[in-house]
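Structure record follows, encoded as structure tokens.
The values are calculated or read from the model by the stated rules, or taken from the named source; none is laboratory data. Since this is a predicted model, take the numbers as computed values, not measurements. Methodologically, a virtual Cβ is constructed for each residue, glycine included, from the backbone with ideal geometry; neighbour enumeration extends over all protein chains shown.
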Amino acid sequence: MADMVVVRKEGLYCVPGQFYIDPWQPVERAIITHAHGDHARVGHGHYLSAASGVGVLRQRLGEINIDGLEYGDTVQHNGVTISLHPAGHVLGSAQVRMEHRGEVWVASGDYKVEPDRTCTPFEPVRCDTFITESTFGMPIYRWQPEQEIFDDINGWWRRNAEQGRCSVVFAYAFGKAQRILSGLDPSIGPIVCHGAAEPINRVYRAGGVALPPTVMVGDVSKADLKRALVIAPPSASGSPWMKRFGDYSDAFASGWMQLRGARRRRGVDRGFVLSDHADWPGLMSAIRATEAPRVIVTHGSIPVMVRWLRQLGLDASGFDTEYGDEDEADSVAPVTEGVDA
Ligand SMILES: [Zn+2]
Ligand SMILES: [Zn+2]
């Protein structure tokens, strides 16, 4: 049987369905797994996403011709039955299930197995072929439970506040910023959000996600800033916007912080290992749960994952895509040498 999904120069293409999944060039019909910039681009004729993802997509892409599909509901397109299933990555993130003549393919988009408070938890979907991301597809990547990371962040913030020092966390404005917010203890002090994150916070709240109260920097007195926690995108680091925080302590929140030297390369005081992607055990459990005999690996550690999956007896191969990693999108490239076990 011919492959249901192939890579074309525009992106991942469902051949019988004649539509694309997260295409990187403009196409007529696109299914979008989630609103991160490398997966969701402007210029497509028609968009389909999870219903809970429409708000963020509109916020980030402006006026687009988009339909939302509830998780688990189906639509038919050129004989392909399409449904979207929670990917647990960010608000509205979805895996795409495609069924054609009894064969089932699932494209994961980005996913995370550990549940969190900001999006619907990952749901394994049985299929014949699973297209999986591999951002953290190396055995060294093993995340602690998120509550332990939140406890670390709140403890660091509390100590800084007691010493009259502002705390600044650099985190990607969509997804990571809201995930951190969901774990903060607002009794410690005011929570300030950069203008890149605050509009997305509003979309999350409108979507029913409970986040602690946040303010813009202009709403906080100089005295209160000394015990505030500030969430800002990595691109704000070193910018004039930071000057108002005086002698602040800063941190970066990302899965890459597990790499030796990553914190120092970022030039921040603290690194919190918090990722919206599956770690190695998460990737392996997700792949197993699909029961798919065939796995196609995209963006991340393709050779490592393919070799490992073949050793497990699976039919594994890779797809070259133009997806990146949101934590690295506006700064240094991921560093994979000198990894620390
Ligand atoms: Zn993503
Ligand atoms: Zn991705």
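Has the stretch 200-214 got at least one residue that is more than 19 Å from the chain's Cα centre (by Cα) and under 19 Å from D247 (Cβ atoms)? So far as the stretch 200-214 goes, no, none of its residues is more than 19 Å from the chain's Cα centre (by Cα) and under 19 Å from D247 (Cβ atoms).
Please go through the stretch 9-38 and give me each residue that is buried (at least 24 other Cβ atoms within 10 Å of the Cβ) and in contact with a helix residue (DSSP H, G or I) (Cβ under 9 Å, 6 or more places away or on another chain), ordered by number. Selection gives I32, T33, H34, A35, H36. Which count do you get for residues in the stretch 9-51 that are of a type in the set (S, T, Y) and under 14 Å from I64 (Cα atoms)? Here the count works out to 2. Taken over the stretch 303-322, the criterion of being within 13 Å of ligand 2 (Cβ to nearest atom) and either within 15 Å of G137 (Cα to Cα) or modelled with pLDDT of 95 or more (or both) is satisfied by F319 alone. The single condition from (1) touching a helix residue (DSSP H, G or I) at 6+ places or on another chain (Cβ under 9 Å); (2) away from ligand 1 (no atom under 15 Å from the Cβ); (3) part of a strand (DSSP E or B) that V6 fails is (1). Residues in the stretch 217-252 that are of a type outside the set (S, T, N, Q) and within 24 Å of the chain's Cα centre (by Cα): L229, V230, I231, A232, P233, P234, A236, D250, A251, F252. Residues in the stretch 152-184 that are in contact (Cβ under 8 Å) with a residue 24 or more places away in the chain, among the small types (G, A, S) and over 20 Å from S221 (Cβ atoms): A171, A173, G175, A177, S182, G183.
For the stretch 193-297, the helices (runs of 4 or more DSSP H) that sit wholly inside it and include 1 or more residues that are touching a Phe, Trp or Tyr at 6+ places or on another chain (Cβ under 7 Å) and modelled with pLDDT under 95 are 262-266.
Just one of (1) among the small types (G, A, S); (2) surrounded by fewer than 19 Cβ atoms within 10 Å (Cβ to Cβ); (3) within 16 Å of ligand 2 (Cβ to nearest atom) fails for A87. It is (2). Taking the criterion of being within 16 Å of ligand 1 (Cβ to nearest atom) and surrounded by fewer than 23 Cβ atoms within 10 Å (Cβ to Cβ), the only residue of the stretch 41-51 that qualifies is R41. For the stretch 14-47, a residue qualifies if it is more than 16 Å from ligand 2 (Cβ to nearest atom), of a type in the set (A, V, I, L, M, F, W, C) and within 17 Å of W105 (Cα to Cα), and the qualifying residues are C14, V15, F19. Criterion first (within 16 Å of ligand 2 (Cβ to nearest atom), more than 23 Å from G208 (Cβ to Cβ) and of a type in the set (S, T, Y)) does S134 satisfy it? In short, yes.
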